[in-house]
Amino acid sequence: MPLAKVDVVVLGAGIVGVSAALHLQARGRAVAIVDRSGAAASETSYGNTGIIQAEAVYPYMFPRKLGEIAAAALNRDPRAQIRYAALLSIAPWIWRYFLASSPRNRTKIAHAARPLIAAALPEHRALAAASGAEALLRDEGWIKVYRSERGRQAALAEVEELQPFGVAAHVLDRPALAAMEPHLSEAAAGGVHFADPTTTSDPGALVNAYAALFAKRGGRLLAGEARSLQSAGEGWTVATKDGALAAREAVVALGVWSSDVLSPLGYRFPLGAKRGYHMHYGAKGNAALTRPVLDAEKGYVLTPMASGIRLTTGAEFARRDDPPSNAHLDRLEPFARALFPLAERRDDAPWLGRRPCLPDMLPIIAPAPRHKGLWLDFGHHHLGLTLGPISGRLLAEMMTGEKLSLDPRPFSAARFG
Ligand SMILES: Cc1cc2nc3c(=O)[nH]c(=O)nc-3n(C[C@H](O)[C@H](O)[C@H](O)COP(=O)(O)OP(=O)(O)OC[C@H]3O[C@@H](n4cnc5c(N)ncnc54)[C@H](O)[C@@H]3O)c2cc1C
């Protein structure tokens with residue numbers, strides 16, 4: 001006998017699942033979240049860079065120039081790290097990513113994603129206000145620094161490319177950069193300040209505050225195994241540590257693990273993992289950072305966080321479940337130390353997160369094509385922290401038949417056949 005019956009069970013308690021649950025709850029649905037950890041933000045939503053990237057327009061695409069491809073393939077470009085032992089397994093996904101990365105597609109994807117991204121920040125502000133988490137947000141924006149003349153040219157070209165989208169981007173020469181972040185070394189020749197994005201000093205705490213709001217409003221977060229999902233009569237059941245849970249509808253918000261539930265149901269979504277690490281450091285003397293700083297030519301970010309200066313790495317291309325490796329962090333740390341006076345490492349080992357990526361770098365926010373009452377909300381790639389709350393709104397509007405605040409077609413599941 002089922003332990004409990006709810007209207008909707010949300011599978012996954014990362015930022016995407018928690019946000020969907022809150023939006024469904026706000027529309028009168030009785031909702032439970034099931035996560036194998038029994039807690040919120042235990043995976044990727046815990047350890048990211050913490051930028052609510054309201055300024056994002058163009059997605060991270062696979063390189064198309066031969067020189068860049070060769071550098072990446074030979075692990076000569078520190079912005080990415082390839083684990084060769086995994087190459088054969090991940091090659092089909094990389095090939096699809098490469099195909100989706102044509103210049104024409106890049107523009108198409110930017111226009112498709114922009115309305116979702118542009119609406120992301122007000123959604124966070126509303127949830128932060130309701131959950132009393134406003135102190136975790138800060139408004140100084142973030143800075144992309146460049147080191148070389150080539151980097152400066154790329155930064156100027158980017159600023160120009162963003163102009164039609166109304167993104168505020170201020171070019172900083174060396175004195176202007178030093179005035180904003182005085183502890184950056186001369187390795188940073190200048191930068192671009194994106195003033196509009198909000199950042200958080202603790203993404204894990206932010207998602208936990210949202211989850212606490214869900215609980216305060218009567219929602220339950222249960223420890224359970226999403227792979228136990230079964231269709232039962234008009235609805236679904238899931239096994240939890242407290243017994244079986246029955247629900248009329250189910251939402252798959254399992255990040256990079258969404259395929260574990262969807263493959264047995266016959267879906268073959270090309271979901272890959274762009275893995276990334278973080279490490280916290282002290283700062284020497286009185287050195288401090290006010291906001292996240294992306295070292296664009298080397299491909300890592302330094303962010304002032306509650307637990308120290310967090311270095312987050314770019315993409316490691318490996319199998320989802322490969323064990324963590326120190327290689328990418330070890331490669332990037334010397335560049336970071338040359339940019340900012342980092343002191344001791346504060347974590348015993350690098351933290352590993354997995355960005356859930358579909359080849360076109362757009363999420364799926366949609367009904368499952370062949371199962372009534374099953375909904376999909378995953379694949380938020382480099383922008384899941386940013387997009388969780390607005391994706392939750394769009395999904396909840398679809399599920400409750402409300403007027404949609406955005407065009408959902410770019411996020412349909414049907415685009416993968
Ligand atoms: C280094 C790094 C930096 C990043 N920086 C940013 C940034 O600055 N801004 C931004 O917007 N995004 C950023 N991202 C991306 C962002 O973190 C992710 O897109 C986002 O966290 C994905 O959220 P999610 O809820 O989909 O998945 P997750 O947070 O991974 O949550 C999935 C949940 O599913 C649960 N689960 C898995 N399998 C099962 C199962 N079988 N049964 C039950 N539960 C299960 C897990 O326990 C987990 O809680 C970054 C990512 C990385 C790795």
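The values are calculated or read from the model by the stated rules, or taken from the named source; none is laboratory data. The model shown is predicted, which means the values in this text are computed figures rather than measured ones. Glycine gets a Cβ as well: all are built from the backbone with ideal geometry, and neighbour counts include every protein chain shown. Ligands, DNA and RNA are excluded from the accessible area calculation, which covers all protein heavy atoms including side chains. Shrake-Rupley method; radii C 1.70, N 1.55, O 1.52, S 1.80 Å.
Specify which of the listed residues (Tyr267, Tyr277) is open to solvent by less than 40 Å² (accessible area, probe 1.4 Å), hydroxyl-bearing (Ser, Thr, Tyr) and in a loop (DSSP other than H, G, I, E, B).
Values: Tyr277 fails: in a loop (DSSP other than H, G, I, E, B).
That would be Tyr267, the only listed residue that is open to solvent by less than 40 Å² (accessible area, probe 1.4 Å), hydroxyl-bearing (Ser, Thr, Tyr) and in a loop (DSSP other than H, G, I, E, B).
Given the criteria in contact (Cβ under 8 Å) with a residue 60 or more places away in the chain, charged (D, E, K, R), buried (at least 19 other Cβ atoms within 10 Å of the Cβ) and in a helix (DSSP H, G or I), does Glu123 qualify? Please lay out each step first, then the result.
Numbers: in contact (Cβ under 8 Å) with a residue 60 or more places away in the chain: yes; charged (D, E, K, R): yes; buried (at least 19 other Cβ atoms within 10 Å of the Cβ): yes; in a helix (DSSP H, G or I): yes.
Yes; evaluated as a whole, the condition is true for this residue.
Taking the condition surrounded by fewer than 20 Cβ atoms within 10 Å (Cβ to Cβ), of a type in the set (Ser, Thr, Tyr), touching a residue at least 40 places away in the same chain (Cβ under 8 Å) and within 14 Å of the ligand (Cβ to nearest atom), does Ser231 pass? Working first, answer last.
Numbers: surrounded by fewer than 20 Cβ atoms within 10 Å (Cβ to Cβ): yes; of a type in the set (Ser, Thr, Tyr): yes; touching a residue at least 40 places away in the same chain (Cβ under 8 Å): yes; within 14 Å of the ligand (Cβ to nearest atom): no.
Answer is no for this residue.
Please indicate, with yes or no, whether at least one residue in the range 237-256 is in contact (Cβ under 8 Å) with a residue 24 or more places away in the chain and more than 30 Å from Ala4 (Cα to Cα). Can you show your working first?
So in the range 237-256, the residues in contact (Cβ under 8 Å) with a residue 24 or more places away in the chain come out as 237-238, 240-256.
Pick out the ones that are also more than 30 Å from Ala4 (Cα to Cα) and you get none.
The answer is no; no qualifying residue exists.
Out of all the residues in the range 42-75, which are within 16 Å of the ligand (Cβ to nearest atom) and of a type in the set (Val, Ile, Thr)?
From the range 42-75, those within 16 Å of the ligand (Cβ to nearest atom) are 42-60; that's our starting set.
Once the filter is applied, which keeps residues that are within 16 Å of the ligand (Cβ to nearest atom) and of a type in the set (Val, Ile, Thr), the range 42-75 yields Thr44, Thr49, Ile51, Ile52, Val57.
Could you check, for the range 343-354, whether at least one of its residues is within 11 Å of the ligand (Cβ to nearest atom), modelled with pLDDT of 95 or more and of a type in the set (Lys, Arg)?
Yes, the range 343-354 has at least one match.
Of (1) surrounded by fewer than 16 Cβ atoms within 10 Å (Cβ to Cβ); (2) in contact (Cβ under 8 Å) with a residue 40 or more places away in the chain; (3) of a type in the set (A, V, I, L, M), Leu162 satisfies all except one. Which?
(1)
Working only within the range 32-46, note down all residues that are in a loop (DSSP other than H, G, I, E, B) and either at pLDDT below 95 or crowded, with 24+ Cβ neighbours inside 10 Å (or both). First the steps, then the outcome.
Here is the first cut: in the range 32-46, the ones in a loop (DSSP other than H, G, I, E, B) are 36-46.
Residues satisfying the conditions are Ala40, Ala41, Thr44, Ser45.
Where residues in the range 93-120 are touching a residue at least 60 places away in the same chain (Cβ under 8 Å) and open to solvent by 50 Å² or more (accessible area, probe 1.4 Å), which of them is nearest to Pro323 (Cα to Cα)?
Filtering first and then ranking leaves Arg96.
I need a count of the residues in the range 299-331 that are assigned to a loop (DSSP other than H, G, I, E, B) and either open to solvent by 20 Å² or more (accessible area, probe 1.4 Å) or over 20 Å from Ser89 (Cα atoms) (or both). Before you say what the answer is, go through the steps one by one.
Let us first name the residues in the range 299-331 that are assigned to a loop (DSSP other than H, G, I, E, B), namely 299, 306-307, 314, 318-326.
Narrowing further to those that are either open to solvent by 20 Å² or more (accessible area, probe 1.4 Å) or over 20 Å from Ser89 (Cα atoms) (or both): 299, 306-307, 314, 319-321, 323-326.
Going through the range 299-331 one residue at a time, the tally reaches 11.
If I ask for residues that are among the hydrophobic types (A, V, I, L, M, F, W, C) and either touching a helix residue (DSSP H, G or I) at 6+ places or on another chain (Cβ under 9 Å) or surrounded by fewer than 17 Cβ atoms within 10 Å (Cβ to Cβ) (or both), which ones from the range 172-193 would you list? Don't jump to the end; show me each part of the working.
Within the range 172-193, the first condition is being among the hydrophobic types (A, V, I, L, M, F, W, C), and the residues that meet it are 172, 176-180, 184, 187-189, 192.
Within the range 172-193, Leu172, Ala176, Ala178, Ala179, Leu184, Ala187, Ala188, Ala189, Val192 qualify.
Just to be sure I understand the filter: pairs with C-beta atoms under 9 Å, separated by 6 or more residues or on different chains, first member in the range 308-326 and in contact (Cβ under 8 Å) with a residue 40 or more places away in the chain, second member more than 14 Å from the ligand (Cβ to nearest atom) and basic (Lys, Arg). Which pairs pass?
Thr313/Arg331; Gly314/Lys298; Glu316/Arg83; Phe317/Arg83; Ala318/Arg83; Arg319/Arg83; Asp322/Arg83; Ser325/Arg83
Counting only residues that are in contact with an Asp or Glu (Cβ under 9 Å, 6 or more places away or on another chain) and either open to solvent by 30 Å² or more (accessible area, probe 1.4 Å) or without any contact (Cβ under 8 Å) to a residue 24 or more places away in the chain (or both), how many does the range 10-31 have? Spell out the reasoning first.
Of all residues in the range 10-31, those in contact with an Asp or Glu (Cβ under 9 Å, 6 or more places away or on another chain) come to 10-14, 16-17, 19-20, 23-24, 27-31.
Imposing the further condition that a residue be either open to solvent by 30 Å² or more (accessible area, probe 1.4 Å) or without any contact (Cβ under 8 Å) to a residue 24 or more places away in the chain (or both) reduces the set to 27-30.
So the answer is 4.
If you go through the range 32-40 one residue at a time, do you hit one that is touching a Pro at 6+ places or on another chain (Cβ under 7 Å) and within 11 Å of the ligand (Cβ to nearest atom)? Outline the logic, then answer.
The first filter runs over the range 32-40 and keeps only residues touching a Pro at 6+ places or on another chain (Cβ under 7 Å), leaving none.
Within the range 32-40, none of the residues are touching a Pro at 6+ places or on another chain (Cβ under 7 Å) and within 11 Å of the ligand (Cβ to nearest atom).
Of (1) closer than 30 Å to Gly233 by Cα; (2) within 11 Å of the ligand (Cβ to nearest atom), Leu395 satisfies all except one. Which?
Evaluating Leu395 over (1) closer than 30 Å to Gly233 by Cα; (2) within 11 Å of the ligand (Cβ to nearest atom) leaves (2) as the failure.
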